[in-house]
Amino acid sequence: MTVCTMNIAVVGSGYVGTTLAACFADLGHEVTAIDIDEGVVDRLNRGEASIHEPGLDELIEEHAGDRLRATTDYDAIRDCEVTFLALPTPSREDGSIDASIIEGGARSVGEALSGGGNDHLVVVKSTVIPGTTEGTLIPAIEAGSGEAVGERIRVGMNPEFLREGSAVTDFLEPEKLVLGADDDWSHDRLGSVFEPLIERADPAVVEATVREAETIKYANNAFLATKISLINELGNICKEFGVDAYRIADAIGLDDRIGERFLRSGVGWGGSCFPKDVDALRAAAREAGYEPELLDAAVAVNDRQPERLLALLEDHVDLTGARIAVLGLAFKPGTDDVRNSRAIPVIEGLEERGATVVAYDPVAPAPMREHFPGIEYAESAAEALSGADGALVVTDWDEFAALDEEFEGMASPVVIDGRRVVEPREGLTYEGLTW
Ligand code: UGA
């Protein structure tokens with residue numbers, strides 16, 4: 001079957017937009033990436049990515065200047081059939097989302113499409129609270145274009161499920177595609193965009209309404225975050241019973257209804273998505289008149305895990321004046337992202353207790369220096385452990401599993417593992433958070 005190629009614009013060249021643009025080009029589409037940052041645009045046109053994702057550099061190098069072009073000019077949208085909006089939706093203080101950036105983008109898209117022309121589908125890719133496309137983004141497109149959405153210009157919603165560190169593979173080998181639209185024409189056009197991917201990877205395709213598609217994204221992340229909090233709560237209970245939570249997780253994961261993935265208990269979830277999305281959903285639910293008690297509890301369990309890690313350390317070490325190594329600063333391995341990393345409350349807790357912190361991470365120190373300019377940063381795990389009165393493992397980097405004689409340099413060899421990555425051994429006082 002011949003697959004038709006399309007002209008696609010992707011507004012926003014952050015982690016989602018850049019991955020999307022490069023992968024669409026790889027599927028054979030003609031792609032224009034639009035961003036207000038000239039540096040990002042120039043780099044893309046030179047064949048370079050502004051973000052790090054395995055496999056992304058190669059795709060951009062291959063397609064830049066050919067099927068992938070970048071510009072700061074929204075007018076490029078006029079020559080396209082579909083525009084994806086992949087702009088940030090940051091959190092406000094109260095956890096609710098601030099849609100003003102994507103609203104501005106929608107208005108600019110509308111302006112670029114004003115004055116007539118070809119049919120156009122505007123697809124919301126960013127994570128937005130159910131009802132935002134209808135209540136905020138459609139009016140913004142209409143304000144820009146000067147015409148009602150629903151005739152020549154239509155909208156769709158296509159949530160993304162990419163994970164940092166495996167965004168390219170997640171895009172090219174998805175388990176599911178959610179195509180949200182409120183009419184057949186829009187569903188068909190959205191389907192055409194993904195046709196090459198559907199042919200190649202055979203994902204489950206979910207045809208949804210726009211509002212359902214918006215909701216699926218939040219439900220997905222809220223479910224996964226709560227699943228981790230549930231295994232963390234069970235893990236805490238296991239620890240009280242003297243039972244290894246990982247053996248329990250392995251057993252319950254064999255039940256298809258539970259599933260074996262996302263059952264690693266430990267110091268909790270972080271990153272740019274789970275905390276923000278769970279908070280936004282809680283705020284929106286409350287605003288709508290519903291008390292999201294289970295999601296509140298999922299957050300409370302997540303907030304408590306770093307405290308439990310510190311309490312376990314305090315069982316062995318008096319923290320006042322102690323030198324404590326923190327192994328791992330990134331919110332998960334394979335990234336330098338420290339947003340909402342569990343290392344943040346762990347380091348804060350150590351500082352509050354009067355400990356001296358020496359931190360090590362294979363890639364993340366630079367961003368963490370902004371949070372904690374006053375702590376020591378070691379060049380290696382061995383250096384962090386040298387002379388330490390205790391160590392906390394916060395990120396499950398593979399290299400921590402290989403640590404061995406490095407522990408011999410500790411002043412008192414106490415390791416509290418928040419990710420089950422260090423191998424217990426003779427001479428080491430080792431405690432797992434949930435085992
Ligand atoms: C998450 C979702 O997994 C993606 O599907 C979604 O697209 C993305 O958010 C998003 O909304 O953009 P990501 O934040 O990259 O992806 O990271 P995950 O790999 O899901 O890990 C999140 C956190 O959960 C990490 O802190 C990790 O250490 C923790 N985690 C994960 C556990 O503590 N235990 C587990 O078993 C799994």
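Bear in mind that the values in this text are calculations on the coordinates, not laboratory data. Keep in mind the model is a prediction, meaning the values are calculated, not measured. Every residue, glycine among them, receives a Cβ derived from its backbone with ideal geometry; neighbour counts consider all protein chains shown.
Between residue 177 and 204, 205, 206, the built amide H atoms are under 5 Å apart, and every one of these is 5 or more places off in sequence or on another chain. The 3J(HN,Hα) values that the Karplus relation (6.51, -1.76, 1.60; θ = phi - 60°) gives for region 322-333 are, in residue order, 6, 9, 10, 8, 10, 9, x, 10, 5, 5, 7, x Hz. Gly and Pro appear as x. Summing charges over all other residues whose Cβ lies under 15 Å from the Cβ of residue 4, with Lys and Arg as +1 and Asp and Glu as -1, gives -3.
Taking the inverse of the mean reciprocal distance over all distinct Cα pairs, the Kirkwood hydrodynamic radius of region 370-412 comes to 11.4 Å. Among the GluC sites (Glu not before Pro) in region 169-236, those placed in a DSSP loop whose Cβ has at most 12 other Cβ atoms within 10 Å are 175. Along each principal axis, taking the top coordinate minus the bottom one, the Cα set of region 1-127 gives 45, 38, 31 Å in descending order. Summarised as an ellipsoid, region 7-208 has semi-axes of 23, 19, 18 Å, derived from the eigenvalues of the Cα gyration tensor scaled by 5 and square-rooted, with the largest first. At full extension, residue 119 and residue 237 could sit 36.7 nm farther apart than now, given 0.36 nm per residue minus the alpha carbon distance. Residues of region 311-340 with backbone nitrogen within less than 17 Å of a virtual label 7 Å along the Cα-to-Cβ line of residue 247, please, listed as ranges. In region 311-340, the label zone of residue 247 (backbone N under 17 Å from the point 7 Å along Cα→Cβ) covers no residue.
With the convex hull built on the Cα atoms of region 214-317, state its orientation-averaged projected area in nm².
Details: hull surface 31.1 nm².
Across all orientations, region 214-317 yields a mean hull projection of 7.8 nm².
About its Cα centre, the chain has a charge dipole of approximately 640 debye under the convention of +1 per Lys or Arg Cβ and -1 per Asp or Glu Cβ, with nothing else charged.
Largest first, the extents of the alpha carbon coordinates of region 244-434 on the three principal axes equal 54, 40, 30 Å.
Put the Cα centre of region 411-435 next to the Cα centre of region 1-56 and the gap is 44 Å. Label zone (residue 339, point 7 Å along Cα-to-C-beta; backbone nitrogen cut-off 17 Å) within region 77-97: 85-97. With a Förster radius of 22 Å applied to the C-beta separation of residue 48 and residue 369, the computed FRET efficiency comes to 0.35.
Taking θ as phi - 60° and the Karplus parameters 6.51, -1.76 and 1.60, the scalar couplings of region 247-260 work out to 5, 5, 4, 4, 6, 6, x, 6, 7, 3, 5, 9, x, 7 Hz in sequence order, x denoting glycine and proline. For region 174-243 versus region 116-163, the inter-centroid distance based on Cα atoms is 20 Å. Over the chain, Cα pairs under 8 Å with separation of 6+ residues give a relative contact order of 11 percent. Among the listed pairs 276/332; 176/217; 125/227, a Cα-Cα separation exceeding 22 Å is found for 125/227.
Binning all Cα-Cα separations of the chain at 10 Å, short to long from zero, yields these whole-percent fractions: 4, 20, 27, 23, 16, 8, 2, 0.
What ranking do 149-162, 8-21 get when scored by the average of other Cβ atoms within 10 Å per residue, highest first? Display every interim value, and only then the final one.
On the way: 149-162: 20.8, 8-21: 25.9.
The most tightly packed comes first, giving 8-21, 149-162.
Distant-in-sequence amide contacts of residue 432, defined by a placed amide H-H separation under 5 Å and a gap of 5 or more residues or a different chain, comprise 417. In this structure the amide hydrogen of residue 122, modeled in the peptide plane, comes within under 5 Å of the amide hydrogens of 83, 154, 155, 156, none closer than 5 places in sequence on its chain. Note on region 99-244: Kirkwood radius taken over Cα pairs, Stokes-Einstein applied at 37 °C and 0.692 mPa s, translational D equal to 192 µm² s⁻¹.
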